[in-house]
1. I'd like to know if the stretch 189-207 contains one or more residues that are hydroxyl-bearing (Ser, Thr, Tyr) and open to solvent by 80 Å² or more (accessible area, probe 1.4 Å).
2. What's the number of the condition LEU233 fails, among (1) modelled with pLDDT of 95 or more; (2) out of contact with any Phe, Trp or Tyr (no Cβ under 9 Å at 6 or more places or on another chain); (3) not polar (S, T, N, Q)?
3. Select from the stretch 170-193 the residues that are free of Cβ contacts under 8 Å to residues at least 24 places away in the same chain and over 19 Å from the mean Cα position of the chain (by Cα) and write down the one among them that is farthest from TYR213 (Cα to Cα).
4. For the stretch 71-96, which residues satisfy the criterion of being small (Gly, Ala, Ser) and over 8 Å from THR17 (Cβ atoms)?
5. Of all the strands (runs of 3 or more DSSP E) wholly in the stretch 173-233, which have at least 1 residues that are of a type in the set (A, V, I, L, M) and more than 25 Å from GLU15 (Cα to Cα)?
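The values are calculated or read from the model by the stated rules, or taken from the named source; none is laboratory data. In this text the structure is predicted, and so the values were computed from the model without any measurement. Quick reminder, even Gly has a Cβ in these numbers, built from the backbone with ideal geometry, and neighbours come from all protein chains shown. In case anyone asks, the SASA skips ligands and DNA or RNA and just uses the protein heavy atoms, side chains included. Shrake-Rupley method; radii C 1.70, N 1.55, O 1.52, S 1.80 Å.
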Amino acid sequence: MKIYAHRGSSGTHPENTLAAFLDAAKLPIHGIELDVHMTKDGELVVIHDEKIDRTSNGKGFVQDMTLAELRNYDFGSWFSFKFKGEVIPTLYEVLEIYLETTHHLNIELKSDVINYPGMTEKVLDLIGNLNLDNRVVISSFNLDAIRTVKELAPHIETAALFMKPLNNPLDYVRAIPTDALHIKARAALRPSMREVYSEGIIVRVFTINTFKYLSALKEIGVDAIFTDYPEKLYEYMADR
C-alpha cells in the first residue's frame, strides 16, 4: 500500500509550505498531496483553506489578494518559531521540487467552495509545460472540475473526493467519470465498496495518522493512504 505525504510532511512541518514539501521529497514514499487556490491576480498558490487565517499571521480570502500581498504574511510561525518566514508557495515552486524525483503528485483543486474561473486550465497548462502529465492525479470535491480535466486532458488521471460514504460508489465512478476515488477509511471499509475494488479502480484513503486501519485497508485492496506523518508510517509498514 502506497504512502502520500498529505500537504507535505505536515505533521512535522507547517502544511503546504516549501519546508514541508522539501522534507517529503527526501522520503522513499510514493507521492505527495497538495492543495491549490488562485489569487486575485491569477497566480496558482498552494494552501488548503479559502482564507489565510488558520495558517498565517494574516487574515482574509486568498481570492481577494495578489501574490505579492500574500507574500507579506508568515505561513510558518503558527506551527513553530523555527519555521518563521515561510511564505505561501506557488504551484510552480512546489512542482519544481519534484522535477528530479519520482514522486507521484496529487494536485487537489480547491474550487468546491469558491469558483476560480480558469484555474483548472491553468493547472493543466503548468503540468503540461513541466512534462508532468504522467506523474499527476488531479483530485477535487468539485466534480465539474474533474469533468473539465477529463474533457481537456483525458490522459491525465483524476480522482473524485468524497467526505461521506457512497451508497453506490461504482455508479458514481462511472457517472462522473473518474479514474479513482479518494475517501475516508470508514467509507473504504464499507461492503458497498467491494465491487469498486473488484473492478480494479484505484482507491486512496485520507487522512491516516495512526496504525489502526492499516492492515484492514491493505487487505481489502486500498491502493494508497494520505498521512501527515509519511516517514513514521513508511517505517512502520516497511517493517511488516
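1. Yes.
2. (2)
3. Step one: of the stretch 170-193, the residues free of Cβ contacts under 8 Å to residues at least 24 places away in the same chain are 171-172, 174-175, 181, 183-184, 186, 191.
Still in the running and over 19 Å from the mean Cα position of the chain (by Cα): 171-172, 174-175, 186, 191.
Details: ASP171: 26, TYR172: 24, ARG174: 27, ALA175: 29, ARG186: 9, PRO191: 16 Å.
Per the stated criteria, the residue is ALA175.
4. Once the filter is applied, which keeps residues that are small (Gly, Ala, Ser) and over 8 Å from THR17 (Cβ atoms), the stretch 71-96 yields SER77, SER80, GLY85.
5. Hits in the stretch 173-233: 202-206.
Here is a yes/no grid of residues against (1) closer than 22 Å to PHE61 by Cβ; (2) modelled with pLDDT of 95 or more; (3) open to solvent by less than 10 Å² (accessible area, probe 1.4 Å):
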| residue | (1), (2), (3) |
| --- | --- |
| LEU91 | yes, yes, yes |
| LEU99 | no, yes, no |
| ASP133 | no, yes, no |
| PRO165 | no, no, no |
